[in-house]
1. Looking at segment 44-81 only, could you name the residues that are crowded, with 19+ Cβ neighbours inside 10 Å and of a type in the set (S, T, N, Q)?
2. I need every pair where a residue in segment 82-98 that is farther than 12 Å from S44 by Cα and surrounded by 10 or more Cβ atoms within 10 Å (Cβ to Cβ) has its Cβ under 7 Å from the Cβ of a residue that is modelled with pLDDT of 85 or more and among the charged types (D, E, K, R), sequence separation at least 6 or different chains.
3. Across segment 15-41, which residue is most open to solvent (accessible area, probe 1.4 Å) among those that are of a type in the set (A, V, I, L, M, F, W, C), in a helix (DSSP H, G or I) and modelled with pLDDT of 95 or more?
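The values are calculated or read from the model by the stated rules, or taken from the named source; none is laboratory data. What you are looking at is a predicted structure, and each value in this text was computed from that prediction instead of being measured. Cβ coordinates were reconstructed from backbone atoms using ideal geometry, including for glycine residues, and neighbour counts include every protein chain displayed. The area values use the complete protein model at the heavy-atom level, side chains included, leaving out ligands, DNA and RNA. Shrake-Rupley method; radii C 1.70, N 1.55, O 1.52, S 1.80 Å.
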Amino acid sequence: YLSLTEERSSEEMLGIYSEFYKDEPFVRVREEGEFPSTAETRASNYCDIGLKVDERTRRLIVVSSIDNLGKGASWQAVQNMNILCGFSEAEGLRSAPVFP
């Protein structure tokens, strides 16, 4: 949860998040009104993000989902090693299917 200091719509915030993560191969920002579940990130290196602005309270609600054994531990280590060694960030990491 984040208290917004100015009025923003869910669409605006999705645009900001999508732009920020556009070049991140393992981050998927969901469409407006869609929230991630662990079933969609299970056995993958993805971090899925969904958000919504509660206009009544002016709060941004952000929900993220990862596989804590993959992205949270072992696959994240491989991804970090790839970056440090100058390999492709995705080298040796399998990707999960796109949203159902």
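1. Answer for segment 44-81, where residues must be crowded, with 19+ Cβ neighbours inside 10 Å and of a type in the set (S, T, N, Q): S44, N45, S65, Q79.
2. N82/E89; N82/E91; I83/E89
3. Taking segment 15-41 first, the residues of a type in the set (A, V, I, L, M, F, W, C) are 16, 20, 26-27, 29, 35, 39.
Add one more test, that the residue is in a helix (DSSP H, G or I), and what stays is 16, 20, 39.
Now narrow it down to the ones that are modelled with pLDDT of 95 or more: 16, 20.
Working: I16: 80, F20: 150 Å².
Out of the qualifying residues, it is F20.
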